[in-house]
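K.L.:
Below: one structure in C-alpha cells.
The values are calculated or read from the model by the stated rules, or taken from the named source; none is laboratory data. Note that the coordinates shown come from a computational prediction; the quantities given were computed from them, not determined experimentally. Here the Cβ positions follow ideal geometry from the backbone for every residue, glycine too, while neighbour counts run over all protein chains shown. Heavy atoms of the whole protein, side chains included, go into the accessibility calculation; ligands, DNA and RNA do not. Shrake-Rupley method; radii C 1.70, N 1.55, O 1.52, S 1.80 Å.
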Amino acid sequence: MTTLVQKCQAIIESNILNGVYKPGEKLGMHRLRDELGIGLSPIREALSKLLSTGLIVAEDNKGFSVVRITQKEIRDLSHTYALIESLALQQAIKHGDDEWEANITAKFYRLSKLEQSKEKIAWEEWLPLNSAFHRALVEGCNSASLLEIRDLLAHKLQLYVSRLFDLPQWVEVNNQEHKDLADAVLARDADKACRILSHHFLGSLDEQLEKLDLPVE
C-alpha cells in the first residue's frame, strides 16, 4: 500500500506542478480514481500527505483542491523564503566543509550543463537539478530545523516557479545568476552570496508577477 500511495502522491504532485491540475481546481476523489486507475483509499492517503507540501488545501465538506496562487501570497512566500535561505546560506558558508563545496560544484555542473543546452529544456528535467543545486548550497548550515523550514517553503514556491519557466530568456538569466551565486559561495563571501541570492529570488518579482497576470488577492 505504501508504494501505491507514494506513486499516487508523485503523480498528483507532478500534475499540479506541470499545470495539469490548475490553481484552485477541485481534486475530486472519484475523478482521480478514474484518471489514475488507483483505488480511493491510496488516493485519500496521498492527498492527506500532500497537504504538508502546501500544494493542496482541504476544506470542510468541500474536499481537496489545488492551492490558489495570488500576487499577495507569492510576494509573502518569496520574501520569507529569501530570508530563510539567506540565513541558511550564511550558516553554510560558516560551517561547510570540503565535501559541501564539492557537492555544490557537482550540482552546479549538472544544472548549468542543462541550462546551457541548445535544445528546449523540459520543466520535469530542470526542476530536480535546480532544486538539488539550491539545496546543496545550504546543506552545510548545520541545522536540521532550519533546513526543514527552508525545504517546506521551497516546495511551496515550486508552483509559482513552474509558471515562470516558459517566460522568454528566463532560463538563460537564471543560469548566469546560478554561476554568480556558486562562485560567491565557494569564495566564502557571505555578503556577496546573500546579495546575489536576494536578487535571484526578488530582483524581478514585480515584473514576473505582471507577466503572469495573477489575481492580486
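K.L.:
Students often check this: by mean Cβ neighbours within 10 Å, which of 94-104, 44-54 ranks highest, and how do the rest follow?
P.N.:
44-54, 94-104
K.L.:
Would you mind classifying the range 153-201 by shape? Square roots of the alpha carbon gyration tensor eigenvalues, ordered a ≥ b ≥ c; an a/c under 1.5 is rounded, otherwise it is prolate if a/b is larger than b/c and oblate if not.
P.N.:
oblate
K.L.:
Separate question: Given axes a ≥ b ≥ c from the Cα gyration tensor, I'd like to know whether the range 50-128 is rounded (a/c under 1.5), prolate (a/b larger than b/c) or oblate.
P.N.:
Since a/c reaches 1.5 but b/c is at least a/b, the shape of the range 50-128 is classed as oblate.
K.L.:
Now, a different point. Please state the relative contact order of the range 1-126 as a whole percent: Cα pairs under 8 Å, 6+ residues apart?
P.N.:
Relative contact order here is 22 percent.
K.L.:
For the range 26-37, take each phi angle, set θ = phi - 60°, evaluate the Karplus expression 6.51 cos²θ - 1.76 cosθ + 1.60, and give the result in whole Hz per residue in order, putting x for glycine and proline.
P.N.:
6, 9, x, 4, 5, 5, 5, 4, 5, 6, 9, x
K.L.:
Give the angle, between 0 and 90 degrees and rounded to the nearest 10, that separates the Cα long axis of helix 190-202 from the longest principal axis of the Cα atoms of the chain.
P.N.:
Helix 190-202 sits roughly 40 degrees off the main axis of the chain.
K.L.:
Ok, one more. Find the accessible area per residue for the range 150-208; the probe is 1.4 Å, ligands and nucleic acids are left out, and the unit is Å².
P.N.:
About 48 Å² of surface per residue is accessible.
K.L.:
Taking amide H positions as placed 1.01 Å from N in the peptide plane, with prolines and chain starts having none, which residues 5 or more places from ILE56, or on another chain, fall under 5 Å of its amide H?
P.N.:
Those qualifying (amide H under 5 Å, at least 5 residues apart or on another chain) are VAL67.
K.L.:
Report relative contact order for the chain in percent, whole number only (criteria: Cα-Cα under 8 Å, sequence separation at least 6).
P.N.:
Numbers: 224 pairs, mean separation 55.1, N = 217.
That works out to 25 percent.
K.L.:
By its C-alpha gyration tensor, with a ≥ b ≥ c as the square roots of the eigenvalues, how is the chain shaped: rounded for a/c under 1.5, else prolate for a/b larger than b/c, else oblate? Numbers along the way, then the final one.
P.N.:
Working: a/c = 1.82, a/b = 1.62, b/c = 1.12.
Note, shape of the chain comes out prolate.
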